[in-house]
Amino acid sequence: MELTKAVLDCMQALRRQLRDEQSVDIRLSQPDAIQSMINACAESQLEATRALGERLSTLTGIRLKAPPPSEEELIRKYTQYAGPLRG
């Protein structure tokens, strides 16, 4: 992935925002800096921080991992009969 000026500007703004809001210090040189920032933004209470996280996600193409399915979803998925009907 290429780090463009727009990506770096967004990362710098997010770094300041996260440091002020959550006392999280993420260095831009960290190998997982983008994923860490996106994860921290998802947990933020401020809409502005979440919006910056969405922008970074859009610019980089890195998305949050989907949460694991709940027990109810797993039961529904694996108890639904999908075999042939016999009559």
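The values are calculated or read from the model by the stated rules, or taken from the named source; none is laboratory data. These numbers come from a predicted model, not from an experiment. With ideal geometry, Cβ positions are generated from the backbone for all residues, glycine too; neighbour counts draw on all protein chains shown. In case anyone asks, the SASA skips ligands and DNA or RNA and just uses the protein heavy atoms, side chains included. Shrake-Rupley method; radii C 1.70, N 1.55, O 1.52, S 1.80 Å.
Which loop trypsin sites (Lys or Arg not before Pro) in the range 6-87, with loop taken from DSSP, have no more than 11 other Cβ atoms within 10 angstrom of their Cβ?
ARG27, ARG63, LYS65, ARG86
Show me the three semi-axes of the equivalent ellipsoid for the chain, from the C-alpha gyration tensor (sqrt of 5 times each eigenvalue), largest first, rounded to whole Å.
Output for the chain: semi-axes of 38, 15, 11 Å.
Mind jotting down the distance between the C-alpha centroids of the range 64-87 and the range 14-56, whole Å?
34 Å
In the chain, if the dipole is taken from +1 on Lys/Arg beta carbons and -1 on Asp/Glu beta carbons about the Cα centre, which of ILE26, MET11, GLY83 is farthest to the positive end?
GLY83
Report, in debye and to the nearest 20, how large the dipole of the chain comes out about its Cα centre when Lys and Arg carry +1 and Asp and Glu carry -1 on their Cβ.
Value, rounded to 20: 280 debye.
Accessible area per residue, 1.4 Å probe, Å², for the chain: what's the number?
On a per-residue basis, the chain sits at 77 Å².
Per the 1.4 Å probe, what fraction of the accessible area of the chain, in percent, lies on carbon and sulfur atoms?
Looking at the chain in its full context, I get 53 percent from C and S.
Kindly provide the GluC sites (Glu not before Pro) of the range 37-67 that DSSP labels as loop, not H, G, I, E or B, and whose Cβ sees at most 15 other Cβ atoms within 10 Å.
Answer by residue number: GLU43.
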